[in-house]
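These notes are about the structure you will find just below.
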Amino acid sequence: MFELLLCSMLTVFPDYLFRRYGQGRRLGREITLYTVWYELRWGITACLLLTVSLITVIFYFHPSTTNVTAIFRTVTILPETTGRVAEVFVGINTKVEAGAPLFRLDSSEQEAAHETAQRQIDETVAQTAVAQTELAGADGLIQQAQGAYQQALDELATRQELLRRRADVSVREVERLQITADTRKGALDAAIANKRTIETKLSTLLPAQKASAEAALKQAQVELDKTVVRAGVAGTVQQFTLRPGDVVNTMIRPAGILVPQEAGRVALIAGFGQIEAQVMKKGMIAEATCIGKPFTIIPMVVTEVQDVIAAGQLRPTDQLIDVQQLARPGTLTVFLEALYPGQLAGIPPGSSCIANAYTNNHDALAAKDIGTGRWMFLHMVDTVAIVHAMILRMQALMLPVQTLVLGGH
């Protein structure tokens with residue numbers, strides 16, 4: 001309607017002035033309800049054509065949409081394991097900080113595993129102490145074996161010397177002493193090998209067993225910590241109705257929802273028509289008004305334009321997809337952020353809004369090689385943005401009336 005009134009001032013009104021003062025036609029006499037088309041046909045025709053052209057230019061180069069929402073994400077409160085609730089620390093609509101405990105599952109099994117791992121560490125420490133005692137005993141056995149071996153060597157040497165001097169010594173006795181010396185040599189080697197075994201046990205086996213036990217203890221501690229469910233981010237707990245004794249399943253029964261503190265307070269998500277895909281650019285200036293904050297125009301900037309249409313997405317299923325099922329056109333997703341900090345304060349997350357985006361041709365107009373026709377056209381495009389800005393302000397004024405009065409409240 002505003003565009004029609006504006007165009008009529010440039011077409012119908014001059015045509016009427018020419019008819020009235022140039023041709024002497026008067027309202028109610030020559031220009032009546034039945035002759036207005038014949039008398040003002042040029043002005044009316046030009047007005048309709050100009051109105052359609054103006055509306056097309058305005059809505060194409062300065063797109064508008066009512067599909068604007070302060071979308072926010074939620075975090076599902078869900079434990080990593082299935083279990084029975086033993087203790088609840090918070091209630092519904094409770095504000096929590098990141099890392100705050102929300103509830104605890106029954107941890108008897110995890111505590112038993114933790115205790116078992118701790119006992120394995122203690123057992124390894126005890127085995128280390130026993131091995132050190134055995135190492136001291138092995139040193140004594142080596143000394144004893146060395147003494148016996150040396151005694152056997154001395155007796156063998158004495159008998160061999162007597163045999164060489166042809167004393168009263170038999171060859172059989174010398175052979176027996178040789179066997180005794182070899183036997184005691186084997187006992188000495190066995191004692192030395194036993195000591196090396198104990199040393200290897202102390203330096204390699206027992207530390208490895210202790211490390212394995214400590215790793216099992218850490219794993220048991222991790223499983224024990226999983227029984228306490230904590231808030232991943234700061235926010236507000238919603239739909240949290242757990243009570244001690246309830247069973248929480250990681251697949252089919254979440255515990256509640258955590259709404260992050262900054263959710264929905266950073267940007268607005270707008271869905272513009274697909275026809276504006278060639279016009280919407282990152283960095284465009286935009287304006288928005290929200291029903292949650294009436295009578296307020298929020299200056300914004302386009303920070304991101306999604307390069308795909310969500311309505312055309314395809315996921316593999318066991319049935320072939322008919323393109324007819326995707327016939328409904330989707331919208332172009334655009335992210336809008338406040339031009340100045342704090343301007344989205346007071347807008348509840350999830351609020352519905354109306355947004356305009358404005359094409360800016362400043363750089364194109366500043367080019368030296370621009371033609372006259374294009375220069376005039378781009379100037380006209382930038383100028384008519386004021387029409388859409390005025391419409392948005394009228395919508396901001398009428399939005400509370402439309403909601404509270406005309407909406408049936």
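The values are calculated or read from the model by the stated rules, or taken from the named source; none is laboratory data. Only a predicted model underlies this, so the values are computations on that prediction, with no experimental measurement involved. Every residue, glycine as well, gets a Cβ built from its backbone with ideal geometry; the counts of neighbours run over all protein chains shown. Keep in mind that these areas ignore ligands, DNA and RNA; they rest on the heavy atoms of the full protein, side chains included. Shrake-Rupley method; radii C 1.70, N 1.55, O 1.52, S 1.80 Å.
Given the criterion among the small types (Gly, Ala, Ser) and surrounded by fewer than 10 Cβ atoms within 10 Å (Cβ to Cβ), identify the matching residue among GLY342, GLY346.
When all the criteria are applied, what remains is GLY342.
Among the acidic types (Asp, Glu) and out of contact with any Phe, Trp or Tyr (no Cβ under 8 Å at 6 or more places or on another chain) - does that describe any residue in the range 266-281?
no
Determine, yes or no, whether ALA216 is at pLDDT 85 or above and either within 30 Å of ALA86 (Cβ to Cβ) or crowded, with 16+ Cβ neighbours inside 10 Å (or both).
Criteria met by ALA216.
If you go through the range 282-291 one residue at a time, how many are touching a residue at least 40 places away in the same chain (Cβ under 8 Å), in a loop (DSSP other than H, G, I, E, B) and open to solvent by 30 Å² or more (accessible area, probe 1.4 Å)?
So the answer is 1.
Within the range 32-103, considering only strands (runs of 3 or more DSSP E) that don't extend past its boundaries, which have at least 1 residues that are under 16 Å from LEU258 (Cβ atoms) and under 44 Å from the mean Cα position of the chain (by Cα)?
75-77, 83-88
Conditions: (1) within 25 Å of the chain's Cα centre (by Cα); (2) of a type in the set (A, V, I, L, M, F, W, C); (3) surrounded by fewer than 16 Cβ atoms within 10 Å (Cβ to Cβ); (4) under 30 Å from LEU392 (Cα atoms). ALA277 meets all but one. Number of the miss?
Going through the list (1) within 25 Å of the chain's Cα centre (by Cα); (2) of a type in the set (A, V, I, L, M, F, W, C); (3) surrounded by fewer than 16 Cβ atoms within 10 Å (Cβ to Cβ); (4) under 30 Å from LEU392 (Cα atoms), ALA277 breaks only (1).
Only residues in the range 217-235 that are within 23 Å of ALA117 (Cα to Cα) count as the first member; pair them with residues that are of a type in the set (A, V, I, L, M, F, W, C) and in a helix (DSSP H, G or I), Cβ under 7 angstrom, at least 6 apart or cross-chain, and list the lot.
Close Cβ pairs satisfying both conditions: LEU217/ALA117; LEU217/ILE121; ALA220/ALA113; ALA220/ALA117; GLU223/ALA113.
Which of (1) among the hydrophobic types (A, V, I, L, M, F, W, C); (2) touching a residue at least 40 places away in the same chain (Cβ under 8 Å); (3) in a loop (DSSP other than H, G, I, E, B) does ILE370 not meet, given it meets every other one?
Only one criterion in (1) among the hydrophobic types (A, V, I, L, M, F, W, C); (2) touching a residue at least 40 places away in the same chain (Cβ under 8 Å); (3) in a loop (DSSP other than H, G, I, E, B) is unmet by ILE370, namely (2).
Go through the residues of the range 277-292 one by one and say whether even a single one is on the phi > 0 side of the Ramachandran plot and at pLDDT 85 or above.
Yes - at least one qualifying residue is present in the range 277-292.
Of all residues in the range 393-409, which are β-branched (Val, Ile, Thr) and surrounded by 13 or more Cβ atoms within 10 Å (Cβ to Cβ)?
THR403
Any idea which of (1) touching a residue at least 40 places away in the same chain (Cβ under 8 Å); (2) open to solvent by less than 60 Å² (accessible area, probe 1.4 Å); (3) on the phi < 0 side of the Ramachandran plot is the one VAL247 doesn't satisfy?
Of (1) touching a residue at least 40 places away in the same chain (Cβ under 8 Å); (2) open to solvent by less than 60 Å² (accessible area, probe 1.4 Å); (3) on the phi < 0 side of the Ramachandran plot, only one is false for VAL247: (2).
Which of the residues that make up the range 375-392 are loosely packed, with under 14 Cβ neighbours inside 10 Å, farther than 16 Å from ALA286 by Cβ and in contact with a helix residue (DSSP H, G or I) (Cβ under 8 Å, 6 or more places away or on another chain)?
HIS379, MET380
Give me the pairs, please: first residue somewhere in the range 262-273 and within 14 Å of SER351 (Cβ to Cβ) and in a loop (DSSP other than H, G, I, E, B), second residue anywhere and aromatic (Phe, Trp, Tyr) and open to solvent by 30 Å² or more (accessible area, probe 1.4 Å), beta-carbon distance under 8 Å, and either six or more positions apart or on two chains.
From residues that are within 14 Å of SER351 (Cβ to Cβ) and in a loop (DSSP other than H, G, I, E, B), the pairs are ALA263/PHE72; GLY264/PHE72; ARG265/PHE72.
Only one of LEU153, LEU102 is in contact (Cβ under 8 Å) with a residue 12 or more places away in the chain and open to solvent by less than 40 Å² (accessible area, probe 1.4 Å). Can you tell me which?
LEU102
When the residues of the range 328-339 are filtered to those that are over 22 Å from LEU399 (Cβ atoms) and part of a loop (DSSP other than H, G, I, E, B), which remaining residue is least open to solvent (accessible area, probe 1.4 Å)?
Restricting to residues being over 22 Å from LEU399 (Cβ atoms) and part of a loop (DSSP other than H, G, I, E, B), the top hit is GLY330.
Select from the range 294-327 the residues that are assigned to a strand (DSSP E or B) and open to solvent by 60 Å² or more (accessible area, probe 1.4 Å) and write down the one among them that is nearest to HIS62 (Cα to Cα).
Step by step, filter the range 294-327, then rank; the result is GLU304.
Just to be sure, is GLY346 closer than 17 Å to THR65 by Cα and without any contact (Cβ under 8 Å) to a residue 60 or more places away in the chain?
Considered against the rule, which asks whether it is closer than 17 Å to THR65 by Cα and without any contact (Cβ under 8 Å) to a residue 60 or more places away in the chain, GLY346 comes out as no.
So, in the range 219-243, exactly how many residues are touching a helix residue (DSSP H, G or I) at 6+ places or on another chain (Cβ under 7 Å) and within 12 Å of ILE92 (Cα to Cα)?
Count: 0.
For the range 253-274, how many residues meet the condition of being open to solvent by 70 Å² or more (accessible area, probe 1.4 Å) and under 18 Å from ASN356 (Cβ atoms)?
Going through the range 253-274 one residue at a time, the tally reaches 1.
Checking LEU163 against (1) modelled with pLDDT of 75 or more; (2) in contact with a Ser or Thr (Cβ under 9 Å, 6 or more places away or on another chain), which single condition isn't satisfied?
Every listed condition holds for LEU163 apart from (1).
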